[in-house]
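What follows is one structure encoded as structure tokens, with my remarks underneath.
The values are calculated or read from the model by the stated rules, or taken from the named source; none is laboratory data. This one's a predicted model, so the numbers in the text were calculated from it and none came from an experiment. Backbone-built Cβ (ideal geometry, glycine too); neighbour counts: all protein chains shown. Please note that ligands, DNA and RNA were not included when accessible areas were found on the heavy atoms of the full protein model with its side chains. Shrake-Rupley method; radii C 1.70, N 1.55, O 1.52, S 1.80 Å.
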Amino acid sequence: MALRKLVAGNWKMNGDRAALGELAGIGAAAAGHANVDVAICPPFTLVAPAAEQAAGIAIGAQDCHAAAKGAHTGCISAAMLREAGARLVIVGHSERRADQHETDAEVRAKAQAAIAAGLIAIVCVGETEPERDAGNALSVVEAQLDGSIPAEGDGATLVVAYEPVWAIGTGRVPAVADVAEMHAAIRARLTGLLGAKGAAVRILYGGSVKADNAAELMAVPDVDGALVGGASLTAALFVPIIEATARVG
Ligand code: PGA
């Protein structure tokens, strides 16, 4: 089943109010390519102003807390993000799994909180280079899915992003055959975990997606879009990825 593609930008800890000027060009490209959904996930401080300015694109965040409210100094709830204008939230990015020691159980709880607050949860999974070299990429990702995917997720509320850790920010991407193998395995696992709903959950590829490799990656079966870091920071870099994705359809 061909799903409507989503191209989501993850600004990570980059950007300021001046950078929101990039949203106009990105929004214009999104409006011109109605067969693709486009999102930008800026830092927390820019979510509200981005949501106020953005036309034609959804604004998301890069993390949320699993609890609705309470004594969690420095944290942000999914409902707060929703009120600020977010429509999506990334959970379980490999940088947070590494730097903040987030576990699969925490990632699932965050995804559940996001869905309960009316957000789309983008759950990230992906193997490290030693795990791939040892032949364990599929089993590592399947275990992450088993631990991170919320049972209530469906095509409208849940997106999975497969991001090999060794491909993030490195300019290296897996062979197309390896992307195809992984995305097929993720689809099978989602169907196993969620039943028929699993067929409608979009599976994004992330890790060094650029204008010159987007078309090839987006044409892989069960690649339903991209999660883009560095190349989402400017319209000049991001728009060609939207265009390439729209051409693949
Ligand atoms: P990258 O990051 O596109 O800069 O490799 C992707 C991500 O971490 O989401």
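Against the test of being hydrophobic (A, V, I, L, M, F, W, C), within 16 Å of the ligand (Cβ to nearest atom) and within 21 Å of Cys41 (Cβ to Cβ), the options Ile168, Ile149 yield a single qualifying residue, Ile168. Residues Val209, Val239, Val160, Val228: which one is crowded, with 19+ Cβ neighbours inside 10 Å, more than 28 Å from Ala66 (Cβ to Cβ) and within 14 Å of the ligand (Cβ to nearest atom)? Exactly one of Val209, Val239, Val160, Val228 is crowded, with 19+ Cβ neighbours inside 10 Å, more than 28 Å from Ala66 (Cβ to Cβ) and within 14 Å of the ligand (Cβ to nearest atom), namely Val209. Total residues in the stretch 117-145 satisfying the condition of being over 18 Å from the mean Cα position of the chain (by Cα) and open to solvent by 40 Å² or more (accessible area, probe 1.4 Å): the figure is 11.
Residues of the stretch 89-114 that are farther than 20 Å from Arg187 by Cβ, away from the ligand (no atom under 16 Å from the Cβ) and open to solvent by less than 50 Å² (accessible area, probe 1.4 Å): Ala109, Lys110, Ala113, Ala114.
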